1. Just to be sure I understand the filter: pairs with C-beta atoms under 7 Å, separated by 6 or more residues or on different chains, first member in region 18-29 and exposed (fewer than 14 other Cβ atoms within 10 Å of the Cβ), second member modelled with pLDDT of 90 or more. Which pairs pass?
2. Out of the residues in region 37-56 that are among the β-branched types (V, I, T) and within 22 Å of A9 (Cβ to Cβ), state the one that is surrounded by the fewest Cβ atoms within 10 Å (Cβ to Cβ).
3. So, in region 44-60, how many residues would count as being closer than 20 Å to G24 by Cβ and not aliphatic (A, V, I, L, M)?
4. Across region 1-29, what is the total count of residues that are over 15 Å from V42 (Cα atoms) and in contact with a helix residue (DSSP H, G or I) (Cβ under 7 Å, 6 or more places away or on another chain)?
5. For the structure I just gave you, tell me whether G33 is assigned to a loop (DSSP other than H, G, I, E, B), at pLDDT 90 or above, open to solvent by less than 60 Å² (accessible area, probe 1.4 Å) and not basic (K, R).
Amino acid sequence: MRSASEPRATRVRQEPGGPVLVEGPVEAVAEDGTITRSDRPVVALCTCGRSRILPWCDTSHRNRPASDRDGG
């Protein structure tokens, strides 16, 4: 249990075969320094690189065969 003075931690969880879910709001910083913000309560960050709306997940990973997602 956290104390009243301790800041609330951001919760991050990996979905099996899918994106990383982050409790929002979230600011994502790209390699070029561009900042993209989402004010949603939970955002999905792409981990497969197939999303057309990077860094956010658009569920493109669902079209990839399971053997590719599992690394084999």
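The values are calculated or read from the model by the stated rules, or taken from the named source; none is laboratory data. Computed from a predicted structure; not experimentally measured. In this analysis, Cβ positions are derived from the backbone assuming ideal geometry, glycine residues included, and neighbour counts consider all displayed protein chains. All accessible areas refer to the heavy atoms of the entire protein, side chains included, with ligands and DNA or RNA removed. Shrake-Rupley method; radii C 1.70, N 1.55, O 1.52, S 1.80 Å.
1. Partner pairs satisfying both residue conditions: P25/R37; P25/S38; P25/D39; E27/I35; E27/R37; V29/I35.
2. Here the residue is V42.
3. Going through region 44-60 one residue at a time, the tally reaches 8.
4. Total satisfying the criteria: 1.
5. yes
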